[in-house]
1. Would you confirm whether any residue within segment 145-165 is under 24 Å from ALA74 (Cβ atoms) and in contact with a Leu (Cβ under 8 Å, 6 or more places away or on another chain)?
2. Condition first: surrounded by 18 or more Cβ atoms within 10 Å (Cβ to Cβ) and either among the aliphatic types (A, V, I, L, M) or not assigned by TED's automatic domain parsing to the domain that holds LEU72 (or both). Now tell me which residues in segment 179-206 satisfy that.
3. When you go through VAL120, VAL133 one by one, which is the residue that is under 25 Å from GLY190 (Cα atoms) and in a helix (DSSP H, G or I)?
4. Looking at segment 148-191, which of its residues are part of a loop (DSSP other than H, G, I, E, B) and touching a Phe, Trp or Tyr at 6+ places or on another chain (Cβ under 9 Å)?
5. Which one is modelled with the lowest pLDDT among residues in segment 74-133 that are surrounded by fewer than 18 Cβ atoms within 10 Å (Cβ to Cβ) and aromatic (Phe, Trp, Tyr)?
6. Out of all the residues in segment 94-103, which are in a helix (DSSP H, G or I) and either farther than 13 Å from GLY30 by Cβ or not assigned by TED's automatic domain parsing to the domain that holds LEU66 (or both)?
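The values are calculated or read from the model by the stated rules, or taken from the named source; none is laboratory data. Remember, it's a predicted structure, so these values are computed and weren't measured experimentally. With ideal geometry, Cβ positions are generated from the backbone for all residues, glycine too; neighbour counts draw on all protein chains shown.
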Amino acid sequence: MASRGIRDRFRAQMRQEVKQMALRQLAEGGPAALSLNAIAKELGVSGPALYRYFAGRDALLTELILDAYADLAAALEAAPPRLFELAAAYRAWAVGEPHRYRLLFAAPLPGYDAHDDRLVAAAHRAMTRVIEVAGPGPEPEPALARQLAAWSAATGPAVALRAVTAWSRLHGLVSLEIEGNFRSMGLDPGLLFDAEMRELDRMISN
């Protein structure tokens, strides 16, 4: 039993080291730079040896995305249940972890299945906090209402629509910021964020 415990700890440690190296690759070159062979070389093991810990590059990528969703959700869950504070927590996480944020909302690699059930569940957990503070909006037209009800059956389509609308504006603003678009326009991203969130808060409060 003791030897099994040692093996389990070693496996967990190795998986964590691989993920940390993969995150460094992502930060330096994006998803296309992710290479199990390069990680194996840095660890001083053979490429095939890493397949004991991850089935392949896509499996490693999925683990990184799940971790990122979990960390984003934790940041949102720690924020006060008010839109401005929630949005500030979202922005702080994205700006602090831009390579991980891009991993969540951009196609990581050609052919990668981003609709894995685990990824969908992880994304929904992150959205739950937004849903909680959104409140109901106007009733959507029937076709959209059915889609929203299927996505978030517990809240109803009016709340789900308001949450998706709020998230879309927040995501667009943050994405433009981390890509440097506002700086190139001579705009302070923080001031623009505050103004946009006040406007969004007014929209949701009405």
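1. Looking for residues that are under 24 Å from ALA74 (Cβ atoms) and in contact with a Leu (Cβ under 8 Å, 6 or more places away or on another chain), one finds at least one in segment 145-165, hence yes.
2. Listed by number, the residues that qualify are MET197, LEU200.
3. Working: VAL120 fails: under 25 Å from GLY190 (Cα atoms).
After applying the criteria, what remains is VAL133.
4. Listed by number, the list holds a single entry, ASP188.
5. Looking at the filtered set, the residue picked out is TYR112.
6. Let us first name the residues in segment 94-103 that are in a helix (DSSP H, G or I), namely 94-96, 98-103.
Matches in segment 94-103: ALA94, VAL95, GLY96.
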